[in-house]
Amino acid sequence: MGNWFTENGPLLGLALLDGIASAALIFMVAVGLNLVFGVLRVLNVAHGSLFAIGAYAAASVGFFAASAGLPAWASLPALLFAAMLVGLVLGPLIERLLLRRIYDEEPVLQLLVTFALFMILEDAQKLVWGVQPVSFSTPVSLMGTVDVPFGTDVIPYNTYQVILLPAVAVVTLVGLAIFLRRTLTGRVILAVTMDREAATAMGIDARKVFLLTFTFGAMLAALGGALSTPTSSLVPGIGASTIVLSFAVVATAGLGQIEGAALTALMIGIGRSIAVTFYPELEVVVPYIIMVAVLLVRPQGLFGVVETRRV
Amino acid sequence: MTALLEARGLRLAFGGVKAADGIDLAVMRAEFLAIIGPNGAGKTTFINMVTGYLRPQGGTITYEGAEITGRRPREIVRRGIARSFQLPQLFSEHTVEENAALAIAARQGIWSPFVPLLRPAWRDEARELLDRFGLLPLATRRADALNEGTRKLADIAMAVALKPRLLLMDEPTSGVSASEKMAVVETLARVLREAGVTAVFVEHDMDVVARFADRVAVWSQGRIVALGPPAQILADPVVQREVIGIERHA
Amino acid sequence: PVQRPSELKIGVTTFLSGPASVFGVPGRNAAEMLAEEINREGGIGGVPVRLFFVDEAPGIDHLVGEFRRLVQNERVDVMFASISSGSCLACTPLGEELRKVTVLWDCGTQRIFEERRYQYAFRTQANATPEILAPLLYLMKTKPDFRTVAVLNQDYAWGRDSWEIWKTAMDALKPGTRVVAELFPRFGATDFSAEVTRLLALRPDVILSTSWGGELDTFIRQAAERRLFERSTFVLPLAESSLERVGRSLPAGHIVGSRGDHWHQHPRPANPQALQRFVENYRRRADAYPIYPTYHMAQAFSALRAAHAKAMQANGGNWPSDAQLAAAFPGLEFDSPTSRMRIREDGQGLEPQLIGTTVHTDRFPFAVMDKMVIFPPDLVTTPAGQNSVAWLRTLTPDMVNRVPDPISAAG
Amino acid sequence: MLELQSVVVDIAGAPVLRDVSLTLPRGGCVALIGRNGAGKTTALRAMMGLLPLRGGRVLIEGKDATAVPAHHRARLGVGYAPEERRLFGVFTVRQNLLLPAEVLGLAKSEIGRRLDAIFTLLPELATLADRRAAGLSGGQGKMVALGRALMVGTRAVLLDEPFQGLAPVLAQRYAAALRELQASFPDVALLVTESNPQLLTSLVDTTYVIERGEITQDGAFAAQG
Amino acid sequence: MTLRRIELLLALLGAGALVLAAMTTPWLKFVLTIALAKGIAVLGIMLLLRAGQVSFGHALYVALGAYAVAFLAPVLPDAALLLPAAALTTAVVGTLIGLFVSRYREIFFGMLNLALSMVFYSMLEKFYHYTKGTDGIRVPPLTVAGLELDRVTHEWTIFGIALALALGFGAFARVYLASPMGQALTAIKTRETRLDFMGVSARSVLLAAYVLSATMAGCAGALIAMATRHVTPLLSYWTASGELVFIAILGGAGGVLGPFLGAVTYELVRVYAAATVADMWQMILGAVLLLVILFARGGIWGLLALRLQRRGAA
Ligand SMILES: Nc1ncnc2c1ncn2[C@@H]1O[C@H](COP(=O)(O)OP(=O)(O)OP(=O)(O)O)[C@@H](O)[C@H]1O
Ligand SMILES: Nc1ncnc2c1ncn2[C@@H]1O[C@H](COP(=O)(O)OP(=O)(O)OP(=O)(O)O)[C@@H](O)[C@H]1O
Ligand SMILES: [Mg+2]
Ligand SMILES: [Mg+2]
């Protein structure tokens, strides 16, 4: 065992680094879904579409900024701007026109509404951006690489991936945790999560909270997409593959648990990069293995919610 | 009389809160034992431990001579212990009648996929049962369309439908209106006595306790502080001060 | 005798959604363009053509249902089937059962004609074996000193199949080459950072990737950002379809193929005007250079036209039946935009393979090919009636000597 | 202060309240009693705007509030303790009590003052303050629900069977506490539903009896009690 | 006439209509066979929906049934043997997996099923040498009860088997749902603790329904394999599971006719959407579903039942 570590330690270190970078992105993608699910109890399949649209929009805004003669560093705020735009436009639209009508229905109906929406947006997205891969990697090139020593060798890493993404993820995590626990709005959101009618009787406008949360979740989805744009090419179908992963994260994390999502993302990210290094065959199933393993030990997810006693 | 159920040294704490702090209690065959005590004294917790919902951190529970400590609710029910709930637990999408029929089915075996739940025998039994609780007019009402007091009665009816030998009831009359309360308890008591059922019930209404209990156990902060016949217990000044209050109506 | 119809109906199955629509949609664009051109010139045998498209993405049950609908309800005259090999393997026997001429316009799996004989199915392009063998031979000819190889392919049939072909051929042609990593990331993966790290650390001489579409683009970009191209020689047999999109991210000096011999900068097209017209028309229509599926579509149309003419002739100038049309395909010769092709007796098309090395020039904002070798089909195609893997095992190192000399872009 | 005028409510197509009118005067204490299923809870929910009316009006301070959304009624100073407690499980008891006041945007000092007042009135709550609401016993939950309603009920407090499940000694103490409350805040109106009217005799000044969704007796009944 | 009677009548009428449609339009025969098969799988989904559990992984069993046929066909080339074999395989696997997942509820149940189906999907890809990966496996021509059939008769036979199975499973599901076991499913959804305190193992109730639903999905998969004659891993992809849930809601979970109404509608809408706009069929399907959910909550069957009840009342 000791031998194995001395031999493979450096490789493990590299895998950790990759794992953290990919965990950051996984977290950013899943956290919005988890939040929306926690509050609205709607498993939003269209989250995948919002991710994809956020990603495409980021590329478009980025290209636009470049063609408008803005300097290269402007590509970073452009990502953020695109995500906000998508969230602010689509979030309220979807919540108002569709979800609002079915909050009182069975959860599976709500899920199906978002599924239908997903199908529609999937084609709509093709209409707007076509099917040819789109990519916009200015931010990555802009930030260059950092060289990580590896034995006598060095391995270049993208600064964007190993520094910026994790930083954004940590800021989001801490910000969300503080927001939910320490601010009144956060507590109001939690109250609505637990009991909508009681919250209403306490003077809380539950509809506004839903609107706010969904919009916020949509913004996070779009932000996840926007942040993934610089490192990957956008093609039809990216939404679909994102959504399954996010679902796995939500179930593993526990309902609406932000810290749970972070820990899960970290496990999946690192698990996958270790798999790539040592057992590439397992890479694909890593998220599911982690999920099954976690649920075997903790049936309510990593951070289960406190259930009010009924008996 | 022999003890049907015996609890010895039951202990259970939630964090710093001692909900059971060394409970010793023997419930005699065919007696009606009332549990009274302030809120948060651990009354429900006791029922939860006996019925397997909570696992005690210490102590043993013996039923009919066999130890049942920490067994699962399902197994305990199969030994003949049923319970009702402080907050009614009904199948909200089923009618009242179907709720009762499900309980009957649970007693007689539900593993027959070819006969309907409301087969004549079960429906008749369900209706007869509901009639006793004055619920027959609501038999075909969905359970989620019931008011609180009625839910409570239906909840008890379901426990009775299991034909237990020991029935634990958690505040059977809270929420039941004053005008109906006595009549309902009267019927319930008759049914249980006829069947020789032993009953343990948590109760806040001292009139009910005085009238129906054979013995009364007084709970306080996870302990039994007094145990005896109702006349003696209800007259105890400490119990009066701590539980009953001075303004008790005769 | 069969009545001459008012329209010649062609059913086309292609990817219209999902990741593979990067090929499917250019294929459809080309089909529409060609159909218009044909109709402007009076149609095939004097009959205008009409196209029916089917999306392959929803799965086999949908595809098979649509195939039947087109044949039985729309009564199409011929089917152009499929990009994915799964679709091809499902459609080809069905076409045979329904006795409908099925032109395999873009599917690569060599299994089709090696596992079974068909009377109604014909492939108007090459297959995976030549498409992978040619780049390997090219590598051996241009950079013969490699000792270690790593592969990064998409985790699905093509990725696995193409690696098996490469590996088998490499073991026969250059025994002793070490495989240092076999990476098969999930189909549809959007991040290859961990894989890139692994490859950076391993420093293999050669990195093979038969990936395509968005995944290839992403891989090229991520590898370029992290200077992986400086450490290893890349062999990218399908990269012709990504060249324009990845721009100058793809550095000079790496090996690129195009699943055939077609390319808008083909050094020696059989008919330069025809190629140029095709490229210009397509660019006007789709605002991008044509990529291999568009040429494959052109080949399918060209073959159909030639077969039709041949069948009419054989039938005394009368409209051919399905069987008569099918009979015209074996041995058929037809023009592709870049060369002249032939369909073998077993139904397999014989298509040359063009492989080159990337260079950056001032003429294009993206890498183009230099030192191009055009492999004659007879050299790289499995002989009829043989199994590819078995045939590859029989290859010997001296085969490299038969590889034609490279042609430079300028010349 | 609060008034129902000829209110008609249907649930799932069946009439539950038929032409119910009742008045909760400023500073008054009104009991709504009736058998199980008579419609007491429904009447309170109608006042809170938690279900749609088929007919009639709800007046708050003499103004038609029928169309005022539920969450606004709390802002008008109406506190409500639902029958089934409905606490926020992950919050502590203190957070449960604070939430409605914070939502109203009250000043910190004012919130603190009210909380202290409630802790004096219901001393059990002070000992429970830092426990999570999820684990409370039935009676404890009831107390917290009561306290929570008092936090915002500066004008009217609607209590749905507040003594249900409370040990008798506590029920009596709380009835007394409510009396005290009215003494010190004579403007606050109280509406209490109860299926056990004995507890209310010394507290209320008007009693409405509801039967099958109809008010059958009012005012006069108080004289009897 | 009671709704239950009408349901029976409608089922027979529907079956007749399907046969008629298949006779007049040969290509529809195939589409309807697939629709019936999917209806059977959806019927299984519906059982679980009764318990409030949404499985996002039942395509696993569809694929398993289909691959069982594909693998066994070379040694056992008879539909009459392959169908029970596929049912048995899925029942066994369904039991094993059910023992595990029946402990979980709601999102955990749904996602575990999804996870397992995705693992199965990757296995189909990973064990490339046995499964041929995405290329899939061709199912050779089958005999039926020993008889060699020509193409058209073969198609009719598979269609007939699908129809018979649909009627059989539908009838069984109806009886099952009315029985205590079926009713206990709804009880799981509404108040599972109570079941426990009645001495009933909610887990076993759910497990029974799960195995049943897996078996139904397996039979559906076997039928799909026999009809399409080519199986690919896509059968087990999560979108395929989503499609089954989608059909369940489209048809309405209220009655056993719902799944079949849903499946036939779904397949027909998809075919016609694909025929009119080959690359926008998803959008059309999505829009249809949205309309159904927003304006006909009970699905197609709910809509129909409402009409019939109104007429009955009038
Ligand atoms: N799950 C739990 N988590 C935390 N504390 C708990 C939990 N269950 C019970 N308690 C605490 O244990 C004590 C006993 O609770 P229990 O429900 O048994 O009281 P009770 O006597 O039934 O009261 P009541 O008459 O109000 O129903 C209470 O202080 C309660 O808050
Ligand atoms: N969702 C519903 N669907 C149909 N009827 C309902 C529904 N909810 C309540 N009801 C009926 O409305 C009537 C009034 O109910 P309500 O809860 O107001 O009674 P209550 O007087 O508060 O009774 P309790 O003293 O038992 O709490 C009852 O007969 C009840 O059955
Ligand atoms: Mg209690
Ligand atoms: Mg009530």
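³J(HN,Hα) across region D:81-96 via Karplus (A = 6.51, B = -1.76, C = 1.60, θ = phi - 60°), whole Hz, x for Gly/Pro?
Each residue of region D:81-96 in turn: 10, x, 4, 8, 6, 6, 8, 8, x, 7, 7, 6, 4, 4, 4, 4 Hz.
Counting Lys +1, Arg +1, Asp -1, Glu -1, what net charge surrounds A:A191 among other residues with beta carbon under 12 Å of its beta carbon? Walk me through the intermediate numbers first.
On the way: positive: A:R187, A:R196, D:R86, D:R148; negative: A:D195, A:E197, A:D205, D:E102.
Once all neighbours under 12 Å are counted, the net charge is 0.
Treat every Asp and Glu Cβ in chain C as -1 and every Lys and Arg Cβ as +1, leave all other atoms uncharged, and give the resulting dipole magnitude about the Cα centre to the nearest 20 debye. Let's see the in-between values first.
Details: 45 positive and 46 negative charges, 77 e Å.
It works out to roughly 380 debye.
At a probe of 1.4 Å, how much accessible area disappears from chains A and E on forming the pair, both sides counted, to the nearest 100 Å²?
Chain pair A/E: roughly 3800 Å² of buried accessible area.
Along region B:57-68, what does the Karplus equation 6.51 cos²θ - 1.76 cosθ + 1.60 (θ = phi - 60°) give for ³J(HN,Hα), rounded to whole Hz, x for Gly and Pro?
7, x, x, 10, 10, 10, 10, 6, x, 10, 7, 10
Based on the mean of other beta carbon atoms within 10 Å per residue, what is the order of A:277-290, C:385-398, most packed first? If you can, show how the numbers build up before the last one.
Working: A:277-290: 19.4, C:385-398: 14.1.
Packing order, densest peptide first, comes out as A:277-290, C:385-398.
Projecting each Cα onto the charge dipole of chain C (Lys/Arg +1, Asp/Glu -1 at the beta carbon, about the Cα centre), which of C:V359, C:A81, C:L70 comes out farthest on the positive side?
Working it through, the farthest residue towards the positive pole turns out to be C:V359.
If I take R0 = 41 Å and measure r between the Cβ atoms of A:L282 and E:A296 in this structure, what FRET efficiency does the formula 1/(1 + (r/R0)^6) give, to the nearest 0.05?
So, using R0 = 41 Å, E works out to roughly 0.35.
For the pair A:L127/A:D104, report the inter-label distance in nm, with labels modelled 7 Å from Cα in the Cβ direction.
Simple spin-label model gives 3.2 nm for this pair.
What translational diffusion coefficient, to the nearest whole µm²/s, does chain C have by Stokes-Einstein, given a Kirkwood radius computed over alpha-carbon pairs, a temperature of 25 °C and 0.890 mPa s viscosity?
On the way: Rh = 21.5 Å.
My calculation gives 114 µm²/s for D.
If you count, for every residue in A:239-248, the Cβ atoms of partner chains within 10 Å of its Cβ, what is the mean?
Counting other chains' Cβ atoms within 10 Å and averaging over A:239-248 gives 4.
Distance between the C-alpha centers of region A:211-239 and region C:327-352? Whole Å please.
When both Cα centres are located, 47 Å separates them.
Counting only Cα, what are the radius of gyration and maximum Cα-Cα distance Dmax of the protein assembly as shown, in Å?
So, for the protein assembly as shown, Rg and Dmax equal 37.0, 121 Å respectively.
Give the accessible surface of the protein assembly as shown per residue, rounded to a whole number of Å², with probe radius 1.4 Å and ligands, DNA and RNA excluded. Each step should come with its number before you reach the end.
Values: 52720 Å² over 1511 residues.
In whole numbers, the protein assembly as shown has 35 Å² accessible per residue.
Dividing the alpha-carbon radius of gyration of region D:2-224 by 2.2 N^0.38 Å (N being the number of residues), what value is obtained?
Values: Rg = 16.6 Å, N = 223, 2.2 N^0.38 = 17.2 Å.
After normalising by residue count via 2.2 N^0.38 Å, the value is 0.97.
State the percentage of accessible surface on chain A attributable to carbon and sulfur atoms; use a 1.4 Å probe and exclude ligands, DNA and RNA.
Whole-percent figure for carbon plus sulfur exposure: 70.
Dipole of the protein assembly as shown, Cα-centred, from +1 at each Lys and Arg C-beta and -1 at each Asp and Glu C-beta, to the nearest 20 debye?
1480
Per DSSP H run of n ≥ 4, the term is -39500 (n - 2.57); total these for chain C, divide by its residue number, and report the mean residue ellipticity at 222 nm rounded to 500 deg cm²/dmol.
-12000 deg cm²/dmol
Report the gain in length on full extension from A:I178 to A:W73: 0.36 nm times residue separation, minus Cα-Cα distance, nm rounded to one decimal.
Gain on stretching A:I178 to A:W73: 34.8 nm.
Hey, got the average number of other protein chain Cβ atoms within 10 angstrom for residues in D:9-19?
Averaged over the peptide's residues, the number is 1.
Put +1 on the Cβ of every Lys and Arg and -1 on every Asp and Glu Cβ in region B:3-244; which of B:A13, B:N99, B:A161 then has its Cα farthest towards the positive end of the dipole?
Value computed over the given set: B:A13.
List the GluC sites (Glu not before Pro) within region A:70-130 that fall in a DSSP loop (any state other than H, G, I, E or B) and whose Cβ has at most 15 other Cβ atoms within 10 Å.
Listed in order of number, the matching sites are A:E105.
So how strong a dipole does region A:9-297 carry about its Cα centre when Lys and Arg Cβ are +1 and Asp and Glu Cβ are -1, to the nearest 20 debye?
680
Could you compute how much accessible area chains B and D hide from each other, both sides summed, with a 1.4 Å probe? Nearest 100 Å² is fine. Before the final figure, lay out the partial values.
Working: alone 12320 and 10350 Å², together 20660 Å².
Buried area (both sides, nearest 100 Å²): 2000 Å².
Run the reach check for C:K167 against lysines, Cα to Cα strictly under 21 Å, same-chain hits fewer than 8 apart removed. What comes back?
In chain and number order, the partners are C:K141, C:K143, E:K126, E:K132.
Please report, in whole Å³, the volume per residue of the convex hull around the C-alpha atoms of chain B.
131
Would you compute, from DSSP H runs of 4+ residues alone, the mean residue ellipticity of chain E at 222 nm, taking -39500 (n - 2.57) per run and dividing by the full residue count, rounded to the nearest 500?
-26500 deg cm²/dmol
Would you grab the residues whose amide H sits under 5 Å from the one on B:I224? Only those 5+ places off in sequence or on another chain, please, with H modelled 1.01 Å from N.
B:D24
Pairing rule first: another cysteine's C-beta must sit under 4.7 Å. Under that rule, which cysteines of the protein assembly as shown stay single?
C:C91, D:C29, E:C219
Among all the aspartates and glutamates, which ones have a C-alpha under 12 Å from C:K310's C-alpha, if same-chain residues fewer than 8 places away are not counted?
C:E333
Looking at region C:21-84, which trypsin sites (Lys or Arg not before Pro) are in a loop (DSSP not H, G, I, E or B) and have at most 13 other Cβ atoms within 10 Å?
C:R75
Past 26 Å, Cα to Cα, is the threshold; run C:K100/E:K29; B:K152/D:K63; C:K174/C:K371 against it and keep the listed order.
B:K152/D:K63
In region B:17-40, whose amide N lies under 20 Å from the spot 7 Å out along Cα-to-Cβ of B:Q221? List them in ranges.
Answer for region B:17-40: B:17-25, B:36-40.
Sort A:299-309, E:244-254, D:145-155 for me by packing, meaning the mean count of neighbouring Cβ atoms within 10 Å per residue, highest on top.
E:244-254, D:145-155, A:299-309
In a shell of Cβ-Cβ distance under 14 Å around C:R186, excluding C:R186 itself, what net charge do Lys and Arg (+1) and Asp and Glu (-1) give?
That sum, taken over residues with Cβ under 14 Å, equals -4.
Inside 10 Å of the C-beta atoms of C:52-59, what's the mean count of C-beta atoms belonging to other chains?
5
For region A:1-48, place one equal point scatterer on every Cα, skip the solvent, and apply the Debye formula. What is log10 of I(q)/I(0) at q = 0.14 Å⁻¹?
-0.54
State, in angstrom, two size descriptors of region E:50-183 derived from its alpha carbons: Rg to one decimal place and Dmax to the nearest whole number.
Both quantities, over Cα of region E:50-183: 17.2, 48 Å.
Tally up the carbon and sulfur contribution to the accessible surface of region D:2-224 as a whole percent, 1.4 Å probe, everything protein left in place.
51
With a cut-off of at most 12 other beta carbons within 10 Å, and DSSP calling the residue loop, which GluC sites (Glu not before Pro) in region C:17-49 qualify? Please list them.
Passing both the DSSP loop test and the Cβ count: C:E41.
Given a cut-off of under 8 Å on Cα pairs at least six residues apart, what relative contact order in percent is computed for region D:2-224?
For region D:2-224, the relative contact order is 31 percent.
Once the other residues with Cβ under 15 Å from the Cβ of E:A178 are scored (Lys, Arg +1; Asp, Glu -1), what is the net sum?
+2
Probe radius 1.4 Å, ligands and nucleic acids ignored: give me the carbon and sulfur share of the accessible area of region B:3-244 as a rounded percent. Don't skip to the end; give the middle numbers.
Details: 4440 of 9040 Å².
Here carbon and sulfur together make up 49 percent of the probe-accessible area.
Which value, in square angstrom to the nearest 100, describes the accessible area buried between chains E and B on both sides, using a 1.4 angstrom probe?
So the buried area, both faces added, is about 2600 Å².
The values are calculated or read from the model by the stated rules, or taken from the named source; none is laboratory data. On a predicted model such as this, the values are computed, not experimentally measured, just so you know. So basically every Cβ, Gly included, is an ideal-geometry build from the backbone, and we count neighbours across all protein chains shown. Each accessible area value is taken on the protein alone, full model and side chains, heavy atoms only, with ligands, DNA and RNA left out. Shrake-Rupley method; radii C 1.70, N 1.55, O 1.52, S 1.80 Å.
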